[in-house]
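To start, the structure under review is shown below, and the notes come after it.
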Amino acid sequence: MKNIKHIAILGGGPSGLFMFKRLIESGRTDINIKIFERKNKLGAGMPYSAEGANDEHITNVSSNEIPMLVTSLADWINSVPKDTLDKFHIDPTRFNEYKVLPRLLFGQYLTAQFELLQKQARENGVEYQIYYNAEATDITDYPEQGMVVIEINGEEKLEFDQVIICTGHHWPQRYEGRVPGYFDSPYPPVKLGLKLDHPVAIKGSSLTAVDAIRTLARHNGSFNKQSDGSLSYQLYEHSPNFKLILHTRNGMLPAVRFHLEDSHLSNDELLSKEEIAKHIAENDGFLSLDYVFEHDFKLPIKEKQPGFYEQIKDMNLEEFVAAMMNLRERMDPFQLLKAEYAEAEKSIRRKESVYWKEMLGVLSFALNYPAKHLSAEDMQRLQKTLTPLISIVIAYIPQSSSEELMAMHQAGVLDLISVGDDSRVEASDEGGATYNYTDETGKNLSVYFNTYVDCVGQPHMAFEDFPFKSLLNKGTVSPAMLKFRSVQEGQKAMEEGKDVRQDSKGNYYLKVSGIAINDYFQVVDAYGAFNDRIYIMAVPYIGGYNPDYSGLDFSEAASAAIVKRLLI
């Protein structure tokens, strides 16, 4: 038994699915895998289960963008019972790899893939056990014994050689449940099945906001197809005063999904890991944001879209973002949505990408993995400059969502307000919330709403919020920090009140969200030593070092990095 490596996977959602796949395909039979899933189903996780979706919610990825599992989505669709397909209005004869799916149906696909992987494990002679309704409540590391003890459901304790934390999304509740009409997130969406006869405040305009819109719209009105094929929206009699008001810092809606050519993972024009490592070694141990911007964004565009490249070739990062943002800021957000919808329709019809937008998504993915090697200065630039543009342009909303937003705006029941960076939301004792902001004329406003929904998306969790307290208390994990390249910049950031630390050598470090990890997603202690027993793929707790949430792409890339180290 001593020669068997006992591995725990905490969480059986998409990240756990890819990790299990990597282990099964490793060819190793000297492993025993135990998967602990908080719910009673594998694969779907939060986004693709009732915790994150209703029937009306759809994926933001199509079959051609999904990393390969066991069977393709197109093949799986042909095996789905007709009554299930009918429920989701899917015609298998018209399905192709560029179609997006209802999220709950996609969750069924992921569950089916998990079942096929279990079959492979049995055929390959790999021992595994699945534990349902089993939540990991604590983890304790015992380096002297070379083992990790995991507490399940607050009581049972089990010993392992290694653990991979794949616990997925986490939506903290501050006021929800205590303040009526106040929602800290739109999940699970069943809670937004409300008949409302008043305006509703929504914070944000991202895909998370679109989820809330799709649910609230259906409980207070109906969409109808017009003779010209367009959608219209009509309120129900019980909700004559229902209205949704989006509040955004930049006054913008997300971009519309278009035809995508490249998988982020198969783009051979990107910098290789060897090139990045060489650059870091030659750049005082730092990854330059400008270097990645030049090589993983501008140069591929030069090849594919030379005309656009000529416009941007002399722009630095800040100048490029300003130019792209100015184009969006000059137009009314709903007029821009209409224009981008037409552009996306043309792109899909012709199967031609809007290449600069696609490469922006590729850039975001390419930056995610090595972001921990950025200087603190460059991370601040990324967060201040590039991230806002990325969050708008690559949070592609599908065509059907675009049509619904346009129909609701046309009906006068969906508006967007720009509230700037200094807006505040105050929960009200009597229920709902008050939105405090300065409008575009400089006037200070405080507007009360009976119902408020925070839709800014998955928050980056702080180091102190890490759920496995024994790892915190024993110093097994440490806060994520980024070194300032310039002592002067570090001093300046400290004087500005940013969370900056100084070490005994006089170096300055910016504390970013979550825990520190290395390139293999191993946790790192306060002395900078990585841990061979504990790996983490739970994105809310590593957001400081992995700022982009790339869904299934992230799960595939992270699991590949982990398995290289895990099975040494």
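Once you keep just the Cα pairs under 8 angstrom separated by 6 or more residues, what percentage relative contact order results for the chain? It comes to 18 percent, rounded to a whole number.
Kirkwood-type hydrodynamic radius, the chain: 25.2 Å, calculated from all non-identical alpha-carbon pairs. Can you tell me the FRET efficiency between T29 and E282 if r is taken as the Cβ-Cβ distance and R0 is 51 Å, rounded to the nearest 0.05? With R0 = 51 Å, the Cβ-Cβ based efficiency is 0.75. Using the Karplus relation 6.51 cos²θ - 1.76 cosθ + 1.60 with θ = phi - 60°, the per-residue 3J(HN,Hα) values for segment 181-191 come to x, 10, 10, 6, 7, x, 10, x, x, 4, 6 Hz, with x marking Gly and Pro. Every Cα-Cα pair of segment 267-346 was included, and the share exceeding 17 Å stands at 62 percent. Ordering S15, S239, S402 from the fewest to the most neighbouring beta carbons within 10 Å gives S239, S402, S15.
For K313, the aspartates and glutamates whose Cα falls under 18 Å of its own Cα, not counting residues fewer than eight places away in the same chain, are E269, D290, E294, D296, E303, E358. Here's how it looks for V200: its modeled amide H is under 5 Å from those of K243, L244, I245, which are all 5 or more places away or on a different chain.
Kindly identify segment 170-268 as rounded, prolate or oblate by the Cα gyration tensor criterion: order the square roots of the eigenvalues as a ≥ b ≥ c, call it rounded if a/c is under 1.5, otherwise compare a/b with b/c, prolate if a/b is larger, else oblate. Oblate, because a/c is 1.5 or more while a/b does not exceed b/c.
Taking 1.567 mPa s as the viscosity and 4 °C as the temperature, the Stokes-Einstein diffusion coefficient of segment 508-568 based on its alpha-carbon Kirkwood radius rounds to 107 µm²/s.
Close amide H contacts of M46 (hydrogens built in the peptide plane, cut-off under 5 Å, sequence separation of 5 or more or a different chain): H169.
Using 0.36 nm per residue and subtracting the Cα-Cα separation, the extra length available between E274 and I130 on full extension is 48.1 nm.
The ranking of R349, R22, R28 by Cβ neighbour count inside 10 Å, starting from the fewest, reads R349, R28, R22. With label points built 7 Å along Cα→Cβ from the Cα atoms of E319 and Y527, find their separation and express it in nm. Going by the 7 Å Cα→Cβ label model, 4.9 nm. Under conditions of 25 °C and 0.890 mPa s, segment 336-381 yields 191 µm² s⁻¹ as its translational diffusion coefficient, taking Rh as the Kirkwood radius over Cα pairs in the Stokes-Einstein equation. Using bins of 5 Å that start at zero, the share of Cα-Cα pairs per bin across segment 407-480 amounts to 3, 11, 14, 14, 15, 13, 9, 9, 7, 4, 2, 0, in whole %. For the pair A74 and L194 in one chain, pulling the backbone fully straight at 0.36 nm per residue adds 39.7 nm over the alpha carbon distance. Which percent, to the nearest 5, of DSSP beta bridges fully inside the chain are antiparallel? Just about 50 percent of them are antiparallel.
Ranking of V512, V61 by neighbouring Cβ atoms within 10 Å, starting from the fewest: V61, V512.
For the charge dipole of segment 246-378, defined by +1 on Lys and Arg C-beta atoms and -1 on Asp and Glu C-beta atoms about the Cα centroid, which residue among A376, H279, M252 has the Cα displaced farthest towards the positive pole? Result: M252, furthest along the dipole toward the positive end.
Could you pull out every one of the lysines with an alpha carbon less than 28 Å from that of K474, ignoring same-chain neighbours closer than 8 positions? Filter leaves K2, K5, K34, K157, K372, K483, K498, K505, K511, K564.
Bridgeable lysines around K195 (alpha carbons under 27 Å apart, same-chain partners fewer than 8 residues away excluded): K87, K203, K225, K243.
Reported to the nearest whole Å, the Cα centre-to-centre distance from segment 7-68 to segment 311-356 is 34.
Rule-based calculations on the coordinates, nothing more; no lab input. Since the model is a prediction, treat every value here as computed from it, not as a measurement. Note that we place each Cβ from the backbone using ideal geometry, even for glycine, and neighbour counts take in every protein chain shown.
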